[in-house]
Amino acid sequence: MANAELSKIIIMVSTTFLFVFLIIPFIKNVALHVGAVDIPNERKVHKKPMPRLGGLGIFLGFLLGYMLYGRTSSIMNSILIGSFIIVLTGVVDDIKPLKASTKFISQLVAACIVVFYGNIIMKDISAFGFYINFGIFAYPISIFFILGCINCINLIDGLDGLAGGISSIYFLTIGIIAAIQGKFSLDCVLTFVMLGSTLGFLVHNFNPASIFMGDSGSMFLGFMIAVIALLGFKNVTMTSLIIPLLILAIPILDTLFAIVRRLLKGESISTPDKFHIHHQLLKRNFSQRTTVLIIYAIDLLFAAASIIYFLKDRVLGYIIYGILLLIVILAVVKTDVVFEHNKKENLFEKIIKKTKKNK
């Protein structure tokens, strides 16, 4: 990468970082004034009321970055409209909680605008000598991908700095890969603008946090992660498809575990609980900060493996992926992330007692 491009990247990240860092204290006051406050309950980890709307600061940083470094186009217009719908819905929800169905409709509308108006879609994939053209199915697949990313980040947002940190790792990794490729297209600009904005917020959100991002932040970050990934899916290969998914391994796995866990219990998949990956670490008596740092470390390993894999050292990449897979399997076996061991044991004990009683 040329020195001029590197300087521009540093300026983009620094500008949006400083802007968001400085504006967040004002947003805290706004959140308190309008009642956008997260009240503690038995399901939540924090112990005192916390202002939300931190996502509004990230969004404003994104807008500043676009105005300074972006270019007008139908693609960019669709991203702006979609992100505005997502953030507006999140802001309303942060003030007065909305129904899950209402938020889903908002997410769906935003995804459709990006896919149909911006034509940001996953058209085809080529890998291992095979070529798959999704044809008309490219549209529903792309919409599903966007909705999935939005809700993955939304679900993982349970501890100070967790969603913001994972998103920052994603943006940083994609930015490094873009720099290695020597490309400076729209997805690259959005990546570094979002990296600076998210890091600027993370200063205020890392434990002990003074503000939460709220749904306005988690949904917006998920939306932008999906958009950047889809923009990078031009001339898609299996590598460019897998890398974004592996960088988001923790939130994706956490979402899948939550769905399986709730289905096994006969609950709705949108039912909130305290069995997410971060909750399991907290149960092992790790502090909030240590728990978040552990998840950061695992996510960074996935990111490092992705970069190594991209650099064609696939053997080492596979080795790291294999180690991480073993860690995930061990976590599933040793924790209650999929099913509750204690309840399972209690049920077994009840069956034994009932059998003895009948005898």
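If you go through region 1-30 and keep only what is closer than 12 Å to PHE184 by Cα and in contact with a strand residue (DSSP E or B) (Cβ under 6 Å, 6 or more places away or on another chain), you end up with nothing.
Of the residues examined, LEU155 is not one that is of a type in the set (A, V, I, L, M), buried (at least 24 other Cβ atoms within 10 Å of the Cβ) and touching a residue at least 12 places away in the same chain (Cβ under 8 Å). Every condition in (1) modelled with pLDDT of 80 or more; (2) open to solvent by less than 50 Å² (accessible area, probe 1.4 Å); (3) of a type outside the set (Val, Ile, Thr) is met by ALA249 except one, and the failing one is (1).
Only one of the numbered conditions (1) among the basic types (Lys, Arg); (2) under 30 Å from LEU230 (Cα atoms); (3) at pLDDT 70 or above is violated by LYS312, and that is (3). Of all residues assigned to region 45-66, at least one qualifies as being open to solvent by 60 Å² or more (accessible area, probe 1.4 Å), modelled with pLDDT under 90 and more than 23 Å from VAL87 (Cβ to Cβ). ILE132 satisfies every condition listed in (1) closer than 30 Å to LEU53 by Cβ; (2) free of Cβ contacts under 8 Å to residues at least 12 places away in the same chain except (1). Applying a threshold of 7 Å to beta carbon distances and a minimum spacing of six or more residues, or different chains, the list of pairs starting in region 175-189 at a residue that is more than 21 Å from LEU300 (Cβ to Cβ) and ending at one that is open to solvent by 50 Å² or more (accessible area, probe 1.4 Å) and part of a loop (DSSP other than H, G, I, E, B) reads GLY182/MET1.
The residues listed here are LYS274, LYS344, LYS354, LYS334; of these, the one that is closer than 24 Å to ALA163 by Cβ, open to solvent by 50 Å² or more (accessible area, probe 1.4 Å) and at pLDDT below 75 is LYS274. Annotation: VAL115 fulfils all but one of (1) in a loop (DSSP other than H, G, I, E, B); (2) free of Cβ contacts under 8 Å to residues at least 60 places away in the same chain; the unmet one is (1).
Considering region 1-109, the qualifying helices (runs of 4 or more DSSP H), each wholly inside and each with 3 or more residues that are without any contact (Cβ under 8 Å) to a residue 24 or more places away in the chain, run over 3-34, 74-95. Do we have VAL109 as open to solvent by 30 Å² or more (accessible area, probe 1.4 Å), touching a helix residue (DSSP H, G or I) at 6+ places or on another chain (Cβ under 7 Å), at pLDDT 90 or above and on the phi < 0 side of the Ramachandran plot here? Yes; evaluated as a whole, the condition is true for this residue. Residues in region 1-34 that are open to solvent by less than 70 Å² (accessible area, probe 1.4 Å) and of a type in the set (D, E, K, R): 2 in all.
The values are calculated or read from the model by the stated rules, or taken from the named source; none is laboratory data. The model shown is predicted, which means the values in this text are computed figures rather than measured ones. When we count neighbours, we look across all protein chains shown, and the Cβ atoms used for this are built from the backbone with ideal geometry, even at glycine. Remember, those area values only see protein heavy atoms, side chains included, never the ligands or the DNA or RNA. Shrake-Rupley method; radii C 1.70, N 1.55, O 1.52, S 1.80 Å.
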